[in-house]
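First comes the structure, then the notes that go with it.
Where a number appears in this text, it was derived from the coordinates with a stated rule and is not lab data. A quick note: this is a predicted structure, and the numbers were derived from the prediction, not measured. FYI the Cβ positions are ideal-geometry reconstructions off the backbone, even for glycines, and counts take in every protein chain you see.
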Amino acid sequence: MKIAIASGKGGTGKTMVATSMAAALAPIHNIQMLDCDVEAPNAHLFLNPTINEIKPASINIPTIDYEQCILCGQCVDICEFNALALLGDKIEVFEQLCHGCGSCSIHCPVNAITETPRKIGELKFGTFNKNRPFLFGELTISEPMSTPIIRQLKSNMKDDVEVTILDSPPGASCSVVATLHDADYVILVTEPTPFGLHDLKQMIGVISETGSLAGVIINRDGIGDSAVEDFLSKNGYPILMKIPYQENIAEGLASGKLLIDIIPEFEDAFLNLYEMIKEQIHEEIYH
Ligand code: SF4
Ligand code: SF4
């Protein structure tokens, strides 16, 4: 089972939820944790995994053999990302725009294009609590594309675990869709403010694309108004948990503590949440 934790914007408490859920489940369930927020991974700061393998993450970009190239321009026309241009008597490759899809090399009529790997970041593999797998990716600063590294990270997931927790990037972009697309359940983390409601609506739009079951955790409960709860009740999304707005939570998180260490009652709350999610998935499959 794959459970993804997502939020419309950063700083909503997504990683707080993902890391505390992982830490609560790890002692008794066979879990793995993936931090897919490759532009700013920070789940490792809370779960302190031991990293034992680092691999480059790369995409294949075209290299043109100018001896062979007949300047037909087919590769330029086929590239949806404007990563190729015919400039004078040369095909220019704009490496940072290339998504590594391979279409240009497939369509070159004279096989003048070969593919060369270009490193865009790193994949890091390790373990936390009782040797549970912990995987995360780090996109190189200034690299624009996080989706390929997320796909590569996910292709290294283990299949023989009971549950995988995926900490999604913030926002509602392609990288979020790449994280959520095969999730059985998505936990959306929001806060009871107009901004929270705005981002929640965006995320629900993404969920309707991926078709995952979803429920909502309200963080910083007690600030703002009831508009988020009203929206959820009207649209049939369950409130899975409320996390109160308390200074000691913010202080604890800032010093690298898990929510379940700051407020130990949340350990049982996350274990119960997992059982509730399992039930919802079971009901969806068998009813
Ligand atoms: S590999 Fe794909 S994205 Fe990159 S230049 Fe070729 S067609 Fe464009
Ligand atoms: S498709 Fe091949 S031959 Fe045509 S311009 Fe591109 S590299 Fe050159």
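With all pairs of different alpha carbon atoms counted, what Kirkwood hydrodynamic radius in Å does the chain show?
Numbers: mean 1/r = 0.0486 Å⁻¹.
For the chain, inverting the mean 1/r across all distinct Cα pairs yields 20.6 Å.
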Sorted from fewest to most neighbouring beta carbons within 10 Å, what does the list S103, S155, S146 look like? S155, S103, S146
Counting other Cβ atoms within 10 Å, which chymotrypsin sites (Phe, Trp or Tyr not before Pro) in region 70-137 have at most 15 and lie in a DSSP loop? F81, F94
With only alpha-carbon atoms in the gyration tensor, what are the semi-axes of the equivalent ellipsoid for region 203-273, in Å, largest first? 25, 15, 12
In the chain, what cysteines have no partner Cβ closer than 4.7 Å? C36, C69, C72, C79, C98, C101, C108, C174
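In deg cm²/dmol, rounded to 500, what helix-only [θ] at 222 nm does the chain give when every DSSP H run of at least 4 residues adds -39500 (n - 2.57) and the total is split over its residues?
Numbers: 11 runs with 103 residues, N = 287.
Value at 222 nm, helices only: -10500 deg cm²/dmol.
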Residues in region 225-257 that a label on E283 would reach, taking backbone N under 11 Å of a point 7 Å out along Cα→Cβ: 238
Cα gyration tensor of region 121-163, axes a ≥ b ≥ c as square roots of the eigenvalues: rounded (a/c below 1.5), prolate (a/b > b/c) or oblate? oblate
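Quick check on the exposure proxy: order Y66, Y185, Y245 from fewest to most C-beta atoms within 10 angstrom. All intermediate terms of the calculation are to be shown ahead of the outcome.
On the way: Y66 10, Y185 22, Y245 15.
Result, fewest neighbours first: Y66, Y245, Y185.
So if the hydrodynamic radius of region 66-111 is defined as the Kirkwood radius over C-alpha pairs, what does Stokes-Einstein give as its diffusion coefficient at 4 °C and 1.567 mPa s, in µm² per second? Each step should come with its number before you reach the end.
Details: Rh = 10.7 Å.
Stokes-Einstein gives a translational diffusion coefficient of 121 µm²/s.
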Quick one: which residues, 5+ away or cross-chain, put their amide H under 5 Å from the amide H of F81? H built at 1.01 Å from N. none
Does region 130-287 come out rounded, prolate or oblate by the C-alpha gyration tensor, with a ≥ b ≥ c the root eigenvalues, rounded set by a/c under 1.5 and, if not, prolate when a/b is larger than b/c and oblate if not? rounded
Straight distance only, please: which lysines reach the Cα of K90 with their own Cα at less than 25 Å, same-chain residues fewer than 8 apart left out? K119
How long, wide and thick is region 1-87, going by the Cα atoms along their three principal axes, in whole angstroms, largest first? 62, 32, 24
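What is the fewest-to-most order of E247, E95 by other Cβ atoms lying within 10 Å of their Cβ?
E247, E95
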